[in-house]
Structure formats: structure tokens, C-alpha cells
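The values are calculated or read from the model by the stated rules, or taken from the named source; none is laboratory data. These numbers were taken from a predicted model, which means no experiment stands behind them. Ideal geometry is used to build each Cβ from the backbone, glycine not excepted, and the neighbour counts take in all protein chains shown.
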Ligand code: NAD
Ligand code: UGA
């Protein structure tokens with residue numbers, strides 16, 4: 001078949017895989033290839049056992065696979081053939097040298113730019129899909145346009161806003177698609193090519209066009225604002241615990257104000273995920289590097305409150321279980337950073353599990369989708385942790401349960417049966433305010449939640 005254009009995506013991860021599958025599904029006239037250096041990942045994308053768990057993803061991939069969606073490890077050949085190249089490689093926090101622990105590590109990004117340059121013999125549009133520091137497009141342009149072969153590269157910024165667990169819904173009906181370019185004639189022409197792709201299924205009024213720097217900065221800003229809301233509500237959950245106010249009632253009351261809105265006001269043990277912390281620290285680093293110390297400090301506090309919230313959760317367990325949990329069995333229900341994903345990157349459960357092990361508790365971890373990743377996260381303390389997929393077996397003989405992910409299945413468990421199988425007094429620490437606390441108390445549990453007074457028999 002003759003395709004209108006050949007699209008390539010470099011990086012077949014949580015973003016590259018689902019976004020390209022959606023583009024291929026909605027745009028059969030384009031050939032879409034996704035490449036990665038990780039051979040196993042590529043094999044899994046070609047199977048029924050996808051490398052990531054994401055509700056609704058498998059049917060989307062299956063419909064387009066081998067029709068106009070292809071996964072491959074042949075990066076150089078595919079670069080050569082592509083007209084439009086999305087770059088969706090990982091951009092983790094730098095762990096070494098200047099900016100360690102804050103700045104974005106752009107080594108995978110730059111390697112990709114050089115690989116594109118080395119393998120191109122025609123003009124191409126290169127699209128930043130990864131989340132990047134503002135002004136990265138300029139570095140990309142400089143590398144790419146350093147060639148003396150007369151090949152022109154137009155660099156666009158098209159940040160991704162999908163959330164894990166709802167990626168397919170978010171991609172199918174996005175609040176907006178943002179496309180930034182240089183405001184030059186070739187820049188605007190390239191932007192138009194990308195608009196045409198999304199316009200196959202996204203209404204025009206939801207496709208926002210901007211200059212390239214605004215697009216880059218909007219992505220960091222969106223994540224910073226979202227995380228800030230969680231830290232704001234979590235900071236006040238601590239005040240509620242001291243004052244008999246109920247954080248759920250407060251969140252509801254303020255969320256009905258249409259200027260505030262009711263989303264992202266769920267108190268929790270803390271926000272996790274691969275991006276919030278990384279992107280905010282990146283923003284903080286950029287602000288500091290421009291001498292904007294007050295701005296940097298302001299955003300850094302969002303991360304600090306989050307770390308404090310995780311710490312507070314472990315301290316609450318320790319203090320309320322008579323200041324010792326050594327030798328006590330604690331069942332952790334949920335290890336993923338949120339429900340409906342197997343992703344455990346920066347999950348608050350990592351900090352909590354480590355804190356409990358430090359206090360010498362016997363930690364049992366249960367999760368419907370994240371046990372394999374949990375074992376990787378806790379590789380160095382696996383001798384002190386056991387894993388049990390069945391929540392009833394995980395809770396059997398335990399002194400306490402800690403709910404760390406809001407999996408729907410945890411709402412429907414038989415807590416009377418669980419209570420009967422536990423050591424007494426039995427404790428439950430609900431890090432997601434997921435359960436019916438009054439009912440648990442009536443069963444006999446001592447119940448501790450986020451931002452509400454405890455319900456105790458002792
Ligand atoms: P990921 O780690 O799941 O995937 C990145 C992939 O890139 C990996 O499979 C890796 O092997 C591959 N890769 C790295 N270097 C490569 C190279 N030189 N050539 C080919 N492949 C290479 O990461 P992700 O979660 O998909 O995130 C990718 C980017 O998207 C990040 O910048 C992230 O901030 C951003 N983002 C992520 C999400 C999310 O929900 N995970 C949402 C929006 C934006
Ligand atoms: C987030 C953003 O929502 C996406 O728009 C963005 O594209 C993505 O980061 C990214 O750049 O990677 P994600 O991390 O997948 O998506 O998940 P969220 O739904 O944002 O949740 C993040 C964390 O905040 C989770 O741990 C979640 O449990 C927590 N959270 C969220 C709360 O504690 N309370 C809330 O009210 C909302």
C-alpha cells in the first residue's frame with residue numbers, strides 16, 4: 001500500500017507505544033513504526049502480552065498491528081525511511097555531575113538526535129514527544145542542522161499529556177493536543193503537517209498551536225500544577241488530623257467552586273509516577289539556573305510536602321502500633337503508583353515499604369498488576385519482603401494492613417473475613433481514603449486514614 005507519510009517513533013515505552021498505536025488506528029493512511037533498543041520490549045509489543053498494562057490498549061494495538069503499525073529494532077533503516085520522527089525516549093533525572101538529582105538527563109535524547117542526523121539523507125520533521133527542559137528544541141536544531149549535506153530538519157514540540165491507567169481514553173479524546181514550532185514559514189508548514197495527523201480524530205478547537213518554547217514549558221507547567229494540587233490537599237490533611245476537620249469534606253466543599261474545580265483533590269499517601277517529581281525538579285533546576293531562586297523554592301516545596309506526606313504515613317503506623325513494628329507482619333495492599341497500571345516508578349509504596357523494613361517489620365506486598373515491578377524496585381531488600389498476589393493470604397496473620405493503591409478490587413474485599421484472620425488488635429491504615437472507615441471500625445479494626453481523625457478501640 002502507498003502511505004501518505006512514514007511516521008517513526010523512537011522509544012517504545014509508556015508513551016511511544018500507546019500514542020503511536022492510537023495514531024496508527026485513527027490514521028490508516030500513515031505508516032507508523034515504533035523502534036526501541038530494548039529487543040524484549042519490541043517482541044512484547046508484537047505479542048498479546050504487551051510490555052505495559054493499560055486498560056483498552058491491546059485491542060487498539062491488535063487492530064493496527066501489521067496493517068500500518070509496526071514495531072522494530074532496526075533504528076537506522078527506519079530513520080532513513082521516515083518523513084516525521086517522534087522522539088519518545090526516557091528523560092530521567094540526572095544522577096551524576098552538575099544538576100545531579102534535579103536536572104533532566106538528556107543523554108538518551110542527544111544520542112537519538114545524533115543517530116537521526118547520521119542516518120538521514122532527506123528533510124525530516126522531528127517531534128519532541130518526551131518531556132524536556134525549555135529550549136531543548138534549540139539544542140536539537142543545532143545538532144541536526146549542523147550537517148553539510150543540505151538536509152533540513154524542522155523541530156516541533158508536541159508534549160504528551162496522557163495519564164497512565166487512562167491512556168487510551170486520554171489519547172482518544174484529549175482535552176487538548178499542543179503543537180509548538182518555530183514561527184518561521186517552514187516551521188509553520190511542519191506544524192500544519194502534525195495538525196493534519198491529529199485532525200483525523202481530534203476536533204480542531206482542541207488542537208492548540210504555539211511557539212516551540214511555550215509548548216515545552218506548558219508540559220512542565222501542567223505537571224507542576226497537577227502535583228501542586230495534590231501537595232496542597234495533602235498538606236491540609238495533616239491539619240485536619242489535628243483539628244477534627246475531615247479532608248474529604250473540605251475537598252468536596254472547595255471543589256464545588258467552579259474556579260477551583262473538583263479534580264486532583266484526592267488526599268493520599270503521596271503522589272508517585274515517573275514524571276511529577278522529575279518534571280518539577282527539572283523546572284526548579286531551570287529556574288535556579290536563570291537566577292529565579294524564589295520561583296525555584298516555591299515549586300520545590302511541592303516535592304518536599306510530598307516526601308513529608310510519605311514519611312508521615314510511616315510514622316503514623318509506627319506511633320499507633322505502640323512505637324514498635326519489629327517482627328510484626330504488615331500487609332501492603334497495592335504497590336503501583338496509582339490504580340489500573342503496573343507501573344511502580346516513584347510509587348509512594350516504595351518509600352513506605354522501605355520505611356517499614358527499616359523498622360524490621362515483616363512486609364508482605366500484594367498488588368493485582370505490579371508484583372514483578374515491585375520486586376525490581378525492592379531488589380536490595382527482597383530478603384526482608386514477601387509477595388502474595390491474593391490479598392486475603394497477604395493479610396492472614398498480619399497485625400496491620402496498609403492500603404497504598406486505590407485498586408477498585410480492594411473496596412469489595414470481605415473485611416470481616418480479613419479481620420478474623422488477623423492478629424489483634426488489628427490495624428488498617430488507608431493511604432487512599434478508599435474504604436468505608438465506619439464499617440471497618442464496626443468490624444473491630446482500628447482505622448487510620450488520611451486527613452480524618454482515627455477510629456480506635458484501643
Ligand atoms: P519509558 O522508559 O517507558 O520508555 C522510553 C523508551 O525509550 C524505553 O523503552 C527505552 O529503551 C527507549 N530508548 C531509550 N534510548 C533509546 C534510543 N537511543 N533509541 C531507541 N530507544 C531508546 O518512558 P516513558 O514513560 O514512555 O516516557 C518517555 C517520555 O515521555 C519521558 O520524557 C516522559 O517524561 C514523557 N511522558 C511520560 C508519560 C507517562 O505517563 N509515562 C506521560 C507524558 C510524558
Ligand atoms: C501525570 C499527568 O496527569 C499527565 O497529564 C502527564 O502526562 C503525566 O503525569 C506525565 O507527564 O507522565 P500520571 O503520573 O500517569 O499522569 O498519573 P496521575 O493520574 O497524574 O497521578 C499521579 C499521582 O498523583 C498518582 O500517584 C496519583 O495517585 C496521585 N494523585 C492524583 C493523588 O494522590 N490525588 C489526586 O487527586 C490525583
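Quick notes on this one:
- Count of the range 321-363 residues which are closer than 25 Å to residue 231 by Cβ and touching a strand residue (DSSP E or B) at 6+ places or on another chain (Cβ under 7 Å): 8
- Any hit, the range 325-335, residues being surrounded by fewer than 18 Cβ atoms within 10 Å (Cβ to Cβ) and away from ligand 1 (no atom under 16 Å from the Cβ): yes
- One residue from 192, 169 being surrounded by fewer than 15 Cβ atoms within 10 Å (Cβ to Cβ), closer than 25 Å to residue 27 by Cα and within 16 Å of ligand 2 (Cβ to nearest atom): 169
- Meets criteria (under 29 Å from residue 458 (Cβ atoms) and either touching a helix residue (DSSP H, G or I) at 6+ places or on another chain (Cβ under 9 Å) or in contact (Cβ under 8 Å) with a residue 60 or more places away in the chain (or both)) for residue 377: no
- Within the range 414-436, the set of residues being crowded, with 20+ Cβ neighbours inside 10 Å and part of a helix (DSSP H, G or I) comprises 415, 418.
- Within the range 117-127, the set of residues being closer than 13 Å to residue 142 by Cα and part of a helix (DSSP H, G or I) comprises just one member, 117.
- Here the condition is being farther than 19 Å from residue 166 by Cβ, in the same structural domain as residue 427 (by TED's automatic domain parsing) and at pLDDT 95 or above; of 337, 313, it holds for 313 alone.
- Taking the range 230-257 as the range and being within 12 Å of ligand 2 (Cβ to nearest atom), surrounded by 18 or more Cβ atoms within 10 Å (Cβ to Cβ) and farther than 18 Å from residue 313 by Cα as the test, only 251 passes.
- Selected residue (only one of 61, 87, 15, 32 is buried (at least 23 other Cβ atoms within 10 Å of the Cβ) and more than 23 Å from residue 131 (Cα to Cα)): 61
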